[in-house]
Structures are given as structure tokens and as C-alpha cells.
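What follows is a single structure, written as C-alpha cells, with notes after it.
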Amino acid sequence: MASTETTPEDSPKEVRGAKDGHDLAGLEAGLDALDTVQTSRTPFRQTLTQKILPPVVAVALVVVVWQALISFKVVDDPTKLPSPSDVWGEVENAWLQGTLLDYIWTSVSRGLSGFVLALAIGTPLGLLVARVRFVRAAIGPILSGLQSLPSVAWVPPAVIWLGLKPSMMYAVILLGAVPSIANGLVSGIDQVSPLFLRAGRTLGATGLRGTYHIVMPAALPGYLAGLKQGWAFSWRSLMAAEIIASSPDLGVGLGQLLENGRNASSMSMVFLAILLILIVGIAIDLLIFSPLERWVLRSRGLLVKS
């Protein structure tokens, strides 16, 4: 009868072949898992518990502590800390007078318009600084210095140069946002792998074509970080300009509302302005920058779950 046992000469080859096949199958399964993006919709319960409930609980906790400071007479001077009901009363008054949305729209429209203009200026400036050595040596340090300069420092010269006009507001926004956008793009381009650039040149992607197809997509994470910082600088610059410069021609934005509360010694109005400024900042981040960040991460395979 023929023996079914494996001979010593054949066993190492067979075992090695089986092991190599198992390793290859495991490697392919791992690569398939990395390439697979889960497109199933996240259950509402999970969204509620992980994304909606935590900030709601945090806000409720702040309001409870705030009210406790008033109720237990820890701070019993309403001119220093108004109660949540006083601030809510200011919200109701502004809503009934029809000025609440006007305050918000005046500042948001200025901020977004100025940011778009800063984007149109800062992006080509960043490309020029990143790609031309002479330009980087000439104005690169100036951009870094301008980025570290407080935005409020630009308000007095802007008022002197342009007067109390909307153009003054936009000038302050540009001076605050353009350096951050340009520096963010420069930082992103500096981190682009030289292999990408060489591969692009090999395929004929040079000049503007290489910038559009190779440089900008590869530098997108750093560029997006610069955009977020640019928006933060433009929003702070606008608030500083609205607080310092007041005129009937400029309207009443959130910064001017804050200054009006200080002049009237109304802490409830001051708190209302602060809360609205904070809410607008959070809303812009959630509606614009967070979706952009998720899109960038998902396009690079770094965000598996939506």
C-alpha cells in the first residue's frame, strides 16, 4: 500500500508554499480593508451620543454653574456678572426690535467678504513665495512678522488712511488674514514630497499645470490649516475694528454691540455680544471648515468612518 506520509525532502517546500500563500492572502486582505471605505450611514443614536449630546451637556453645565454663582450669592453684583435670565432678556429685546439678525449679518457679511478677498490675494502670494527663492528671501520674513503682529494694531492707521468707511474694515481684515493664508500655503508646499514633483515633471505636469495637478493637491492639508487660521485672524481683526471705530455709516455689528454695552455699563449686553461672537465662530467652523477637513482626510484614506 502506498504511504500517505510526506517525505522529509518534500515537507519543507510544501510547508513554505502554504505559509507564503497564507501570508499573501493576509496581506491582500489587509490592503482590501484599507481601501474599503464604509459608506453606511451612521445611526442617529450614535450621532446623538457622540456628537450632539456632549456639547449640549457642556453648555448646560456652564449655564448651571453660572446660575449657581448668582443664586448662592458668590457674585451678587449684576454689574459684574448678569444672570442667564438677564442675558436672555437682552436676546428677546433685540429679537423683538428686529436688530438681532442685523447685528449678526453686519459682521458675518463683512467677515466672509473680507476673507474671500484675502483668499484671492493670499493664495497666489503664497505660491509665489513658496516657488520663487528670491521672493521668499525678500518677503518671507515680512509675512511671518505680519502674522505675529496683533490685528488691533492695524485699526488706527486704517482709520487715518481710509476714514470711517467700510473699506477700512476690509483693509484691517486683509492685513490680518493674508499673511496667515500665504504662510499656510508655503508650509504645505514645503512638505510636498520631491517624488511627487519629479513624477509630475516626468508626466509633463510642469508650470501652472504642475501647480494645479501636483503642488496644490499635495499641499492641501497645510493650506487648509492656513485657511482656518486666516479666518480666525480675519474675524478677530474685524471685531477689533468694530470695537474701536464707530460711525453711523458703518452700521452696528457684533463688535460695536460689545462697545455699546460697555458704554452703557450693561453687562447683559456685553455678554450677549460675547456669546454671539462665539456662536458665529463655532458655526463657521462646523459649517465650512470641518466638512472640508473631513473631505481632505477621506480623500487620503485617513477617515474610514464618515
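Positive end of the charge dipole of region 80-299 (Lys, Arg +1 and Asp, Glu -1 on Cβ, about the Cα centre): tell me which of Asn183, Val155, His213 has its Cα farthest that way. Result: His213. Compute the signed sum of charges (Lys and Arg +1, Asp and Glu -1) over the other residues within less than 15 Å, Cβ to Cβ, of Gly98. Net local charge, Gly98 excluded: -3. Electrostatic tally near Ser151: other residues with Cβ closer than 15 Å to its Cβ, Lys and Arg +1, Asp and Glu -1, net +1.
What is the sum of charges, Lys and Arg at +1 and Asp and Glu at -1, for the other residues whose Cβ falls under 13 Å from the Cβ of Leu286?
On the way: positive: Lys51, Lys228, Arg294; negative: Asp285, Glu293.
Counting the neighbours of Leu286, the net charge comes to +1.
Taking Cα centroids, how far is region 99-139 from region 221-284 in Å? After rounding, the separation between the Cα centres reads 17 Å.
About the Cα centre of region 166-306, how large is the charge dipole given +1 on each Lys and Arg Cβ and -1 on each Asp and Glu Cβ? Please answer in debye to the nearest 20.
Working: 10 positive and 6 negative charges, 155 e Å.
Approximately 740 debye in magnitude.
When you count the other C-beta atoms within 10 angstrom of each residue and take the mean per peptide, 211-218, 122-129 line up highest first as 122-129, 211-218.
Normalising the average separation of contacting C-alpha pairs (under 8 angstrom, six or more residues apart) by the number of residues puts the relative contact order of region 80-299 at 28 percent. Return the distance in nm (one decimal) between the two label points of a simple spin-label model at Leu53 and Ala120, each offset 7 Å from Cα along Cα→Cβ. Between Leu53 and Ala120, the simple spin-label model gives 4.7 nm.
Given R₀ = 22 Å, FRET efficiency for Ser85-Ser265 by Cβ-Cβ distance, to 0.05?
Numbers: r = 19 Å, r/R0 = 0.85.
Using R0 = 22 Å, I get an efficiency of 0.70.
Any read-out appearing in this document is the output of simple, stated calculations on the displayed coordinates, not a laboratory observation. If you're wondering where the values come from, they're calculated on a predicted model, not measured in any experiment. FYI the Cβ positions are ideal-geometry reconstructions off the backbone, even for glycines, and counts take in every protein chain you see.
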